[in-house]
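Undergrad: First, the structure itself, so that you have it in front of you.
Bear in mind these aren't lab numbers, they're just calculated from the coordinates by the rules spelled out. The structure presented is a predicted model; accordingly, all values stated were derived computationally and were not measured. As a convention, Cβ positions derive from the backbone with ideal geometry for all residues, glycine included, and neighbour counts pool all protein chains shown.
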Amino acid sequence: MTASTIAIPRARRPRGNAPLPWGSPAIYFGAFVVIALMLAPILYIIVGGFRTNSQITADPSGLPSPWVTENYAGVLGSTTFWGEVANSTVAAVVTTIGVVALGLMASYVLARYRFRARGVLYAVFAAGLMFPMTVAITPLYIVVRNLGLMNSLAGIILPQIAFALPATIIILVPFLRAIPDEIEEAASIDGCSRLGFFWRMVVPLALPGVITVGILAFIASWNSYILPLFILNNEASFTLPLGVQAFASQYSVDTAKVLAFTSLSMIPALIFFSIFERRIVGGLTGAVKG
Amino acid sequence: MSVRTSTPAPTRGPADDARVGDDESSPTPGRADDAAPSNPRRGRRDWAKSAEIAVLVGPALVVFLGFVIFPVVMAGYYGFFRWKGFGPPTDFIGLQNYVTIFQDPTFHEALWHNAVIVVMSLVLQGPIALLLALLLNRPMRGQSVIRVLIFVPYVLAEVVVGTGWSLMLQSDGALNGLLEKIGLGALAQDWLSNPQLAIWTLLAIITWKYVGFAVILFLAGLQGIPQELTEAAQIDGASYWQIQRRITLPLLGPTLRIWAFLSIIGSLQLFDLVYIIWGQYIASTAGTSTMATYMVANGRNAGNYGYGNAVAVVLFLISLLVALIYQRYVLRRDTAGALTERSER
């Protein structure tokens, strides 16, 4: 398990730099059908937001005619939406920072220090993968409530960090172990302490792994549903997933507006995904393939 | 993202531990404790090293134990009480909660639905994903774009896709409208509330949402198969499908088995999509309730926290049992090979 295994699955290119062959039309047709099936529901949400309710009632599967922007404008003009965007962003950013910081520190020790309890410690963290959030949610709710963190973002950030740590450590440890000992030796000869080595060498060298776990943590937090459902009961503290659901039940007759709200709430995830697509895909396969 | 992304470890733990053990035996110059035993500074260095370890691991360990291990342990404790969630639990009722769970026909239904979802997720997603991965593994232009697009549903929040699907599948929704338009109005159905049909609707949505993840895994596995093998078979006159069947499929075995493991655990824990699309009450009448929605509906929503915790324990034990059986009988023979295959090659 070296850093190189967390590789992005990529097309096996023909030798040399010749462009890929076109392949047979049947393959393109198959691919096109699949893509259409995958994207149609998403397009339905986005396009439906540009219609009016009477258009939707008259012809549920039609295209907008004319295109109206009021639904989107209405959602973008509401303070509720932006409040939820802010909550989701704060929760996701702080979770990501926390996961990366705590995970990197712990992984560094597990990868590069030799001490008696190391195997046990690693096993404890790895065992965490046996406890998905769904199983632990009821008692977790009680713990958070006893800490007085109900309705606060801290109440979802801390558990999210905790539940992301096992996967993070499992991805990062091989990365850190792959850093050659010679580098550490050279640093120590040059008078660098082990902690100094951590800051000056380990953090920069582990950056690809760090970015991968950071993205996974960010998206998991952005999409998280069951934890906010239990912890955040007051509308001011809602994150986007709760907001979408609350909006959908509050305006259940106003389908067009619900579609607009839903499609706006997926934009951040889509942008994030398109920027970091290689890393996300690579991280997931890396996490599983090891 | 759901638990599906983050459950690979149990299979990995042992392999990694073994690796840690290997490391110990190889002399590593840069590391702290190779000072000679006679070195008088040894004690101080040991102390400093322990302090470093504590400072670096401490925060992660505290958060992890406090928010993962402690709640799980407490669930086992609370499960023995009749408890409304306020004040300390005092009404000890022994195994009464567990007896109630196992006698409740609603729970039996949920358990059955979970079983159907586990099996059908494998049966539906496996072959589809395999075909797609083989398709996308052939050199062609626009490949990377197609890969990304297939993966989009997996990245979107369950709430987003759940809301979209529930609007589309209403009896006067877009799908029925579309069927009518193309002259198949007879096929229009009550996709969400017909108890005969709802679980199949759920399975279709699950397939749509998670098949991209399987495709990406399989593609990664396919990249690991040496091209020389297929080239050799080609020279020997094997057809495309013969090659896939005799060479690709067996070599993809480890990837398939790990994917199946993740899929099974994810199916047992399924909550978000059902709860968003069907809600807590409709899910049981429409025949899509799962153990997790049962837990939330009868625990937190009903205010019976003792009972909810007992359901959590049952859910956990069932998942654990399935995971252990799977590892014992399916993953065991190739865990080592599957997890270290790249470094061996």
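Undergrad: Taking the Cα centre of the range A:136-290 as origin, sum charge times position over the Cβ atoms of Lys and Arg (+1) and Asp and Glu (-1), and report the length of that vector in debye to the nearest 20.
TA: Using only the charged Cβ atoms, the result is roughly 280 debye.
Undergrad: Additional query: With 10 angstrom as the radius, rank A:Val213, B:Val116, A:Val120 by how many other C-beta atoms surround their C-beta, starting from the fewest.
TA: Placing the least packed residue first, the sequence is A:Val120, B:Val116, A:Val213.
Undergrad: Something else: Stokes-Einstein D for the range B:96-339 at 10 °C, 1.306 mPa s, Kirkwood Rh over Cα pairs, in µm²/s?
TA: In µm²/s, the coefficient is 79.
Undergrad: Suppose only helical runs count, i.e. DSSP H with n ≥ 4. What mean residue ellipticity at 222 nm does that imply for chain A under -39500 (n - 2.57) per run, divided by all residues and rounded to the nearest 500 deg cm²/dmol?
TA: -23000 deg cm²/dmol
Undergrad: Pull out the extension gain between B:Ala232 and B:Arg82, defined as 0.36 nm times the separation in residues minus the alpha carbon to alpha carbon distance; nm, one decimal.
TA: That works out to 47.3 nm of additional length.
Undergrad: Taking amide H positions as placed in the peptide plane 1.01 Å from N, state which residues far from B:Phe81 in sequence (5 or more) or on other chains have amide H under 5 Å from it.
TA: For B:Phe81, the qualifying residues are B:Ile93.
Undergrad: Still on this structure, I have one more. Which value results when the Cα radius of gyration for the range A:66-119 is divided by 2.2 N^0.38 Å?
TA: 2.16
Undergrad: Return the whole-Å distance between the Cα centroid of the range A:229-273 and the Cα centroid of the range B:96-175.
TA: If you average the Cα positions of each part, the centres end up 21 Å apart.
Undergrad: Here's another thing I want to ask about it. Between B:Leu95 and A:Ile267, what is the label-to-label distance in nm when each label sits 7 Å out along the Cα-to-Cβ direction?
TA: According to this spin-label approximation, the distance is 5.7 nm.
Undergrad: Lys/Arg Cβ at +1, Asp/Glu Cβ at -1, dipole of the range A:44-168 taken about the Cα centre: which of A:Ile142, A:Leu153, A:Gly83 is farthest positive-ward?
TA: Checking the options against the dipole of the range A:44-168, the answer is A:Ile142.
Undergrad: How far is helix A:79-112 tilted off the main Cα axis of chain A, in degrees rounded to 10, range 0 to 90?
TA: Roughly 20 degrees, rounded to the nearest 10.
Undergrad: Another question, if that's okay. Rounded to the nearest 10 degrees, what's the angle between the helix A:240-250 long axis and the longest principal axis of chain A, both from Cα atoms, 0 to 90?
TA: It works out to around 20 degrees.
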